[in-house]
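Here is the structure we will look at.
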Amino acid sequence: MSQEFKGNLKCNRCPECDGYGCINMIPGLGGVLENYNFQANCAAWDFLYQKAGASSSDNIQNKINSIAVKPSDLRCGPVTGAVENIGFENERDFYYPYLNQSAQAGLGLCVGDGYPDEKLQYGIKAVQKIGKKAAFFLKPYPNQKLAERVEWIKPYAEYIGMDIDSYNILTMRNLVNLERKSLEQISEFRSMFSVPFVIKGVFTEEDIELVKNVQPDVVYISNHGGRVETRRGSTAEFLEQHAQELKKYCSQLWVDGGIRTKTDVQTALYYGANQVIVARPLIRAVFDSHFDYTVKSLVV
């Protein structure tokens, strides 16, 4: 472990990070619903790839294998909660190593929001120090509070998004006032800035209707890594089933959830993703000092 920080990783360091070794470890890196969606996310990319192989007449699997993956096709996930969810001794120790190593590897950056406000502030300070803009994802606080946060992040934001599903995230329940946002509230939020707008947490039919009405710049398919109480399923199958429809109402599609290998990334790109977001493998890589190796496993 790096000497820059102290702590004990809240992860069992399984040889394969597939959601079976950390069931219901929240706080921690596990998920809800007995890790059902965490496990489904991980398994579904290989299922899609094998399904493509069964369609041999179309050579889909060969097309997937031929996709060149660049570091710029990837982004680090918007992560907070370094103490309670990851295991750092000090919250501030996580943000700069995580974001800086991602930037050095050529990945796009995502910064998350959290409670207390210092979590977002640590992310802002890290991006400021690195000198590279990021996609910021704000929790669905009341819009008056969001307006303040938008002013904090504007100078450093490449994109600004709303984490629409996180009103239902277990680790923040009963700590802060998060809302299930209406179309009107989201439209008001979007009017607060001029950079491209991202709706993150698209995973249900209701979310698709919201996308049709809002028409954001970016749709980010996510079930929060299996950490929110939502319908059962995987982000991979949602991407496969709805990518073409969603692209009618946005300029880009992003996806996360269970990405572990280069083939997973290629599969996501083949089925319509423009950016692929990775979190848990990079979190562990920062903590255990093997970041370059982890990134190479995703692009080489």
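7 Å from Cα along Cα→Cβ at both S191 and Q50: what's the point-to-point distance in nm?
Result for the modelled spin labels: 5.1 nm.
Check cross-link reach from K129 to the lysines: straight Cα distance under 27 Å, and skip same-chain residues fewer than eight apart.
Those lysines meeting the cut-off are K6, K70, K119, K139, K145, K154, K200, K296.
Can you tell me the accessible area per residue over the stretch 81-166, all protein chains present, probe 1.4 angstrom, in square angstrom?
On the way: 3020 Å² over 86 residues.
Counting only protein heavy atoms, the per-residue value for the stretch 81-166 is 35 Å².
When the helix-only estimate is applied to the chain (DSSP H runs of n ≥ 4, each -39,500 (n - 2.57), divided by the residue count), what is the mean residue ellipticity at 222 nm, nearest 500 deg cm²/dmol? Don't jump to the answer; show the numbers that get you there.
Numbers: 11 runs with 119 residues, N = 300.
Helix contribution divided over all residues of the chain: -12000 deg cm²/dmol.
Calculate, in whole percent, how much of the Cα-Cα pair population of the chain lies beyond 32 Å.
Values: 8567 of 44850 pairs.
Roughly 19 percent, once rounded to a whole number.
Report the percentage of all Cα-Cα pairs in the stretch 10-61 whose separation exceeds 15 Å, rounded to a whole percent. Please list the in-between numbers first.
Numbers: 711 of 1326 pairs.
The answer is 54 percent, as a whole percent.
How large is ³J(HN,Hα) for each residue in the stretch 205-220, as worked out from phi by the Karplus curve 6.51 cos²θ - 1.76 cosθ + 1.60 (θ = phi - 60°), to whole Hz, x for Gly and Pro?
Calculated HN-Hα couplings, in order: 4, 4, 5, 4, 4, 4, 4, 4, 7, 7, 6, x, 5, 9, 9, 10 Hz.
Over all directions, how big on average is the projection of the convex hull of the alpha-carbon atoms in the stretch 1-113, in square nanometres?
For the stretch 1-113, averaging the hull's shadow over all directions gives 8.8 nm².
Averaging over every viewing direction, what projected area does the convex hull of the Cα atoms of the stretch 160-300 cover, in nm²? Don't skip to the answer; put the middle values down first.
Working: hull surface 37.4 nm².
Its Cα hull, projected and averaged over all orientations, spans 9.3 nm².
Over the stretch 192-255, how many percent of alpha carbon pairs lie in each 10 Å bin up to the one with the longest distance?
Over the stretch 192-255, the share of Cα pairs per 10 Å bin runs 23, 57, 19, 2 percent.
How big is the stretch 50-182 along each principal axis, measuring the range of its Cα positions in Å and listing the largest first?
The Cα atoms of the stretch 50-182 stretch 54, 35, 30 Å along the principal axes, largest first.
Counting only protein heavy atoms, what percent of the accessible surface of the chain is carbon or sulfur at a 1.4 Å probe?
Working: 5900 of 12710 Å².
Carbon with sulfur: 46 percent of the solvent-accessible area.
For the stretch 103-166, evaluate the Debye formula with one uniform point scatterer on each Cα (no solvent term) and list log10 I(q)/I(0) at q = 0.18 Å⁻¹, rounded to two decimals.
-0.60
Local charge sum around L48 (other residues, Cβ-Cβ under 12 Å, Lys/Arg +1, Asp/Glu -1)?
Values: positive: K51; negative: D46, E237, E240, D264.
Residues close to L48 contribute a combined charge of -3.
What spacing in nm lies between the two simple spin-label points modelled at S251 and K154, each 7 Å away from Cα in the Cβ direction?
2.0 nm
Roughly how many Å² is the accessible area per residue of the stretch 176-256, as a whole number, for a 1.4 Å probe? Walk me through the intermediate numbers first.
Working: 3370 Å² over 81 residues.
Solvent-accessible surface per residue comes out at 42 Å².
Report the per residue volume, in Å³, of the convex hull enclosing the C-alpha atoms of the stretch 57-119. Walk me through the numbers on the way to the answer.
Working: hull volume 7.2 nm³, N = 63.
Cα-based convex hull of the stretch 57-119, divided per residue, equals 114 Å³.
The values are calculated or read from the model by the stated rules, or taken from the named source; none is laboratory data. In this text the structure is predicted, and so the values were computed from the model without any measurement. As a convention, Cβ positions derive from the backbone with ideal geometry for all residues, glycine included, and neighbour counts pool all protein chains shown. With ligands, DNA and RNA removed, areas are computed over all heavy atoms of the protein, side chains included. Shrake-Rupley method; radii C 1.70, N 1.55, O 1.52, S 1.80 Å.
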